[in-house]
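What follows is a set of notes on a single structure, which appears directly below.
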Amino acid sequence: MSWTRFIRRRRWHEERARELEAHLEMEVAENLSRGLSEQAARQAAQRKLGNPTFIREEIYRMNSIGFIENFWQDARYALRALRKSPSFTLVAILSLALGIGGNTAVFTVVNAVLLRPLPYAGADRVVRIAQKGNQAALSVPEYQFWKEHASSFESVAAYRGGRERALSVGTGQEWIQTTVVTPDFFRTLGVEPAMGREFTRQEALPGGPSAAVITEGLWRRSMAPGASPLGQAIKLDNVTYTVVGVLPASFWFPNGGDAFLPLRWTGSITDGGWNTQAIGRLKPRLSLSQAQAEMATLLESERRERGLGRNYPGQSAIGFHDWLVGDVRLNLLVLFASVVLLLLIACSNLASLMLARLAARRREIAVRLALGSGRGRLLRQLLIENGMLAAGGTAVALLCAYLLLDGFVALIPFHLPSAGPIGLDRQVMLFTLVVALGTAVVFTIAPFAASTRLNVNEALKAGGKGSAGVSRQRGRSFLVAGEVALSVTLVAAAVLLVESLFNLHREQLGFRPDGLLTFTTPLAPAQRRNALDVWNFQNTLLERLKSMPGARSVAAVDVLPLAGFHNVPTQLAGDAGKSIGGMEVRVVTPGYFEIMGIPVLRGRSFSENDNRSGAPVILVNEALARTWWSDASPLGATLLIGEYQNRMIPEIHEPPRQVAGVVGDTKTYSLKDRAQPTVFIPAAQAGDWFAAQLGSGMAWVVRGDVRALAANVRRVVAEIDPRQRLMRMESMEDIVAATTADSRFDAVLLAMLAGVALTLTAIGVYGLLAFSVAQRRHEIGTRMALGASRMDILRLILRHGVGLTAIGLCFGIAGALALARWLAALLFGIKPNDPFTFAMISVLLLAIGAAASYIPARRATRIDPMIALRYE
């Protein structure tokens, strides 16, 4: 049968009906002509033609496609059934919308960040090379060794995160982000310039031609329209570069950057430190594990060639994409696992509602089965009904995800290394479709399994009063216990993260963040030619800020606590054993410790006399004092900045400095880390090397009314230099809050999901017991008639509800312990298997189970046994 006839079957049906009617009338007319009466003529004609209704039905079936016809009938029936229960339909759709919508939103982010491949040719072959235990970077000698000796890589390249530079093209000027890279960097990534070429080896040599590769966006917005950018000259920090290449519009790199410049080895302290990042492209048909095996075999050769000790760990390789998402993978997977658990809880609740609804439809199902409907047809009917619910929930979920996705992504505090936009693409839509189908199947299984055990004779005898005994509650009891178990797992994760966040907030900062406005003043190249230029600008700004209305005190530091790092090799004079290659060094103005509330424990703080004409002094923090001097006093000791194990770094040129005081510890990088050994030098005594490091400017702290100060600060800076930029203006409290933003986001979101899960679980327990009480009215009436007290009935129902909660709690705690070990990297100050936490969760769940059971139990005690027995 053709699809054309199926689509036009109504027209065919009407035409055949008219033809049959015409044939019937012709036969009647012929019989009348033979002398038969009207009635006899029509009866004879009908006997000859047969039953017209049967014929029309046969013709209709001939023009029908069976499975489509049956599906359409089931769909219409399902719509009528759902329309008769609007409350149930609305609750089901909203529950599914919540679960599916959460999964869709989180999967959209997971897909963009964790699953979508990087936009490079053969992206799976790009790896990151770093020192073991220090996945951030390599030193230049390490990079050069592996570039020369490793045979697993097709090419190896290095880069360093650049800085903002002043771009001058013609008369225009703007600040752009730059990155310095070695030749073959773009080839290693798998990117071909859209125009021109990448750097040559000659351009990467000290003193070589100054070349630049720019992005298409920079070309379009900053250079002469219509003209080719190749060969054009641009000025970056007053240095002229020639554009040799333009990257394609689709180019993306996690460090960003509008322009890429040659990375040149200088043999300075920068080359010797761990600040060079390396990538490699594996040879075809070579795996990452093979490259790692080669690294292990070359480790001994590297130790001998470079004169390194046995403690030197060597290098390791990791997939570039895996490295990029390393910091956020666990956070996103935790969120995804949480919304999956919430969806399973919603499905369990719906399956439980379906079982309750099935009890009310027992007679209807029995009649269908008695009339010959097979179990397969019944399964199809249930799947279609639930599929419609899932479709409705999915439609609402997709609408909400579309409207709220941007806001959700904006709320995520951690950086999402996504090469493209985060949105509802084909993969997300396919995932949502699979989830919708899966949920429809999941909450169909329990009702169908119950219907297969239905005794048709008993159901038909029971009529409209059908009751389901205690044995028929096992399916719903199992689902409710499963809800409790899933809720326990989610609640445990939320409680552990909340406790971890609480512990973070209890950490001692070492300073007072309240009432402090902070901002930075990045310096243009012309303003930082030498230390004197830098200090003159800082001193002028310092004096003007002090006289500003509302400013109670003002100071500056090169790096604020919790805002970054700045480390330089430092040694105790005459003792090579007491040297730290990455000593944290801070350049501060007088009054910094007082305005920050950092105590001076011994000696003195800096004063105005600690200037260029004064004796070089230094302050140390308590962590360094404990490390190097233990219980002795460090006052008067001499420190050498720029010296490590008796080897002086020549470009630093810092004089020996005498320890003038010891200050309290402050958090250095994050709240989770201990205070690092740190030294402080007066800004007025900072040499040219430190002045050159202040390209990002000093960070200023002003104590006063934060809201009122902001406008005054902008006015004062503009009066000194209208071109001077102000960046990162925020309160110190905001900086502190930013360090816990990841933990706070995880804790708050999981706490909200756990709250929804507990609510659904309480509803599930209540619904089960309420339904059980309604079905067991006769049993309860009999018990009371035989002498059971109301307290006995109350205990009976409560025991049922609390018992189910306890069973689910046991399984849930086992799952929660496994999940907690997975969460260990996100926790602070609490063990994943903390017994107090799990005891508290157990008490909470049992209390919720008891509270949800009390109302149905109380209702059961009010059953009149005479009415219950008479009803049955």
Exercise. Could you give the dipole magnitude of the range 662-754 about its Cα centre, charging the beta-carbon of Lys and Arg +1 and that of Asp and Glu -1, in debye to the nearest 20?
Worked result: 160
Exercise. In terms of Cα to Cα distance under 19 Å, which aspartates and glutamates are near enough to Lys147, apart from those fewer than 8 places away along the same chain?
Worked result: Asp184, Glu198, Glu203, Asp271, Glu294, Glu300, Glu302, Glu305
Seminar exercise, completed: A student applying the Cα gyration tensor rule (rounded when a/c is under 1.5; otherwise prolate if a/b is larger than b/c, oblate if not) would label the range 184-327 prolate
Problem set entry | Span from the the range 555-587 Cα centroid across to the the range 812-830 one, whole angstrom | 36
Problem set entry | Of Lys132/Lys672; Lys235/Lys667; Lys283/Lys672; Lys578/Lys667; Lys578/Lys672, pairs whose Cα-Cα distance is over 32 Å | Lys235/Lys667; Lys283/Lys672
For this session: Scan around Ser85 for amide H atoms under 5 Å from its own, H built in the peptide plane at 1.01 Å from N, and keep only partners 5 or more places away or cross-chain.
Result: none
Problem set entry | 11 Å beta-carbon shell around Val617, net charge (K/R +1, D/E -1) | +1
Exercise. In whole Å, what is the distance between the alpha-carbon centres of the range 624-691 and the range 89-142?
Worked result: 40
For this session: Can you tell me the order of 393-401, 83-91, 147-155 when each peptide is scored by its average per-residue count of other Cβ atoms within 10 angstrom, highest first?
Result: 393-401, 147-155, 83-91
Exercise. Of the accessible area of the range 193-339, with the probe set at 1.4 angstrom, what percent is carbon plus sulfur?
Worked result: 54
Seminar exercise, completed: Regression test value, accessible area per residue of the range 211-347, probe 1.4 Å, units Å², expected 43
Exercise. Quick one: ranking Tyr143, Tyr312, Tyr402 by accessible area, 1.4 Å probe, largest first, what do you get?
Worked result: Tyr402, Tyr312, Tyr143
Problem set entry | Highest-first arrangement of 223-236, 428-441, where packing means the average Cβ count within 10 Å | 428-441, 223-236
Exercise. For all pairs of alpha-carbon atoms in the range 93-211, what percent lies in each bin of width 5 Å, listed from the first bin to the last filled one?
Worked result: 2, 8, 11, 15, 17, 13, 10, 8, 6, 5, 3, 2, 1, 0
For this session: Along Cα→Cβ, 7 Å out, is where each label goes; now give me the distance between the ones at Ser553 and Ala293 in nm to one decimal.
Result: 6.3
Exercise. So what's the convex hull volume per residue for the Cα atoms of the range 691-832, in Å³?
Worked result: 231
For this session: Measure off, as a whole percent, the carbon and sulfur share of the 1.4 Å-probe accessible area of the range 587-678, all protein chains present.
Result: 49
Exercise. What accessible area per residue, rounded to a whole number of Å², is obtained for the range 712-775 using a probe radius of 1.4 Å?
Worked result: 43
Seminar exercise, completed: Charge tally for neighbours of Thr837 with beta carbon under 10 Å away, counting Lys, Arg as +1 and Asp, Glu as -1, is -1
Problem set entry | Point-charge dipole on Cβ atoms (K/R +1, D/E -1) for the range 492-580, about Cα centre, debye to 20 | 280
For this session: Using only the Cα atoms of the range 504-654, construct the convex hull and provide its projected area averaged over every direction, in square nanometres to one decimal.
Result: 11.0
For this session: At 0.36 nm per residue, minus the direct Cα-Cα distance, what do Leu115 and Glu192 gain on full extension? Give it in nm, one decimal, please.
Result: 25.3 nm
Exercise. Around Gly636, what is the net charge, scoring Lys/Arg as +1 and Asp/Glu as -1 over all other residues with Cβ under 14 Å from its Cβ?
Worked result: +3
Exercise. Which shape class applies to the range 788-830: rounded if a/c is under 1.5, otherwise prolate when a/b exceeds b/c and oblate if not, where a ≥ b ≥ c are the square roots of the Cα gyration tensor eigenvalues?
Worked result: prolate
Exercise. What percentage of the solvent-accessible surface of the range 718-836, computed with a 1.4 Å probe over protein heavy atoms, is contributed by carbon and sulfur atoms?
Worked result: 65
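The values are calculated or read from the model by the stated rules, or taken from the named source; none is laboratory data. Every value quoted in this text rests on a predicted model; they were computed, and no experiment measured them. Every residue, glycine among them, receives a Cβ derived from its backbone with ideal geometry; neighbour counts consider all protein chains shown. Protein only, heavy atoms only, side chains kept; ligands, DNA and RNA dropped before computing areas. Shrake-Rupley method; radii C 1.70, N 1.55, O 1.52, S 1.80 Å.
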